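> My questions all concern the structure below.
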Amino acid sequence: MPEKVHSPEFDGGRPLESAAAVLRELFLRPRRFFLNFSPEGEVRDPALFVMLVTAVAAVTGLVLSILGPALGLGERGTFWILLLQAAGFVVLSPLLVAAAAACYWLSIRTFVGPVTDFRQVYRILAHAYGPMILFGIPGVGALAFGYGAMALMVLAVRGVYRTSLMTALITALVGFVPVATALMFFYLVLAGWAHG
């Protein structure tokens, strides 16, 4: 019997190479990625992956917020406030993904059944978080969030737990709504804080 092929996972020992492999699969072959994904394992490396993705998105956002006004693409914000927001988001990102994973975990337990534990859902969502690397690019960030938090989670629920498409859609949507609502609230609060 042939050995089962596993999806690439982030490895903290070789962060750039493994992150590139994960992102390549998520963008080019997401269905296959989650069909071959093993939810078993530790959460340390997935949490580091979340921080790396968030750091790249934060740096991209900072650079664009600094260069944007010079190119006529928006207002110049206070650099230190933008830097503080970016650093806070990087540091808090594993906890924010954990809060989102709790929403998806409850949804999976409700619609799929007691087939998983929180650690497995965190690992799945941490990898589905990969497209958020584009979050710092204006106009693309919302698409990246929707792709990761909804489209990839549909594929994840369907692939990892072998559910029907309808069950996967409902499960992902019920997890997505509170996460998207919380993200919008979070950014409204940050925008209000940054602009006085």
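> Give the distance, in whole Å, between the Cα centre of region 99-126 and the Cα centre of region 130-172.
Centre-to-centre (Cα) distance: 14 Å.
> Turning to a different aspect of this structure: Restricting everything to alpha-carbon atoms, can you work out Rg to Rh for region 1-143 with a Kirkwood hydrodynamic radius?
Working: Rg = 17.1 Å, Rh = 16.5 Å.
The Rg/Rh ratio comes out at 1.04.
> Report, in deg cm²/dmol and to the nearest 500, the calculated mean residue ellipticity at 222 nm for the chain, where each DSSP H run with n ≥ 4 adds -39500 (n - 2.57) and the sum is divided by the residue count.
Working: 8 runs with 137 residues, N = 196.
Result for the chain, helices only: -23500 deg cm²/dmol.
> At 0.36 nm per residue, and after removing the present C-alpha to C-alpha distance, how many nm does the segment from V91 to L28 gain when stretched out fully? Could the numbers behind the result be given before it?
Details: separation 63, 0.36 × 63 = 22.68 nm, distance 2.85 nm.
Stretched fully, the V91-L28 segment lengthens by 19.8 nm.
> DSSP loop trypsin sites (Lys or Arg not before Pro) in region 93-162 with at most 12 other Cβ atoms within 10 Å of their Cβ, which ones? Display every interim value, and only then the final one.
Working: sites: R109, R119, R123, R158, R162; in loops: R162.
Loop-located and lightly packed - R162.
> If one takes the longest principal axis of the Cα atoms in the chain, at what angle in degrees, from 0 to 90 and to the nearest 10, does the Cα axis of helix 15-28 lie?
For helix 15-28, the angle is close to 70 degrees.
> With everything on Cα atoms, drop me the angle between helix 44-70 and the longest principal axis of the chain, reported from 0 to 90° to the nearest 10.
30
> For helix 152-161, what angle does its Cα long axis make with the longest principal axis of the chain, in degrees from 0 to 90 and rounded to 10?
20
> Restricting everything to alpha-carbon atoms, can you work out Rg to Rh for region 145-196 with a Kirkwood hydrodynamic radius? Before the final figure, lay out each step's value.
Working: Rg = 14.4 Å, Rh = 12.0 Å.
Rg/Rh for region 145-196 comes to 1.20.
> In addition: So how much slack lies between W80 and M166, counting 0.36 nm per residue of separation and subtracting their Cα-Cα distance, in nm? Don't skip to the answer; put the middle values down first.
On the way: separation 86, 0.36 × 86 = 30.96 nm, distance 4.59 nm.
Gain in length upon complete extension: 26.4 nm.
> While we're on this one: Taking θ = phi - 60°, what integer Hz values does the Karplus form 6.51 cos²θ - 1.76 cosθ + 1.60 yield along region 167-177, in sequence order, with x for Gly and Pro?
Running phi through 6.51 cos²θ - 1.76 cosθ + 1.60 with θ = phi - 60° gives 4, 5, 4, 5, 4, 5, 5, 5, x, 5, 4 Hz.
> What are the ³J(HN,Hα) values, in whole Hz, obtained from phi via the Karplus relation 6.51 cos²θ - 1.76 cosθ + 1.60 with θ = phi - 60°, for each residue of region 103-112 in sequence order, with x given for Gly and Pro?
For region 103-112, the Karplus-derived couplings read 5, 5, 4, 4, 5, 5, 5, 6, 9, 9 Hz, x marking Gly and Pro.
> According to a simple spin-label model (label point 7 Å from Cα along Cα-to-Cβ), what is the distance in nm between V59 and T181?
Spacing of the two 7 Å Cα→Cβ label points: 3.6 nm.
Just so you know, all these numbers are worked out from the coordinates, no wet-lab data involved. As the structure is a prediction and not an experimental result, all values here were calculated from the model. Glycine also receives a Cβ, built like all others from the backbone with ideal geometry; neighbour counts cover every protein chain displayed.
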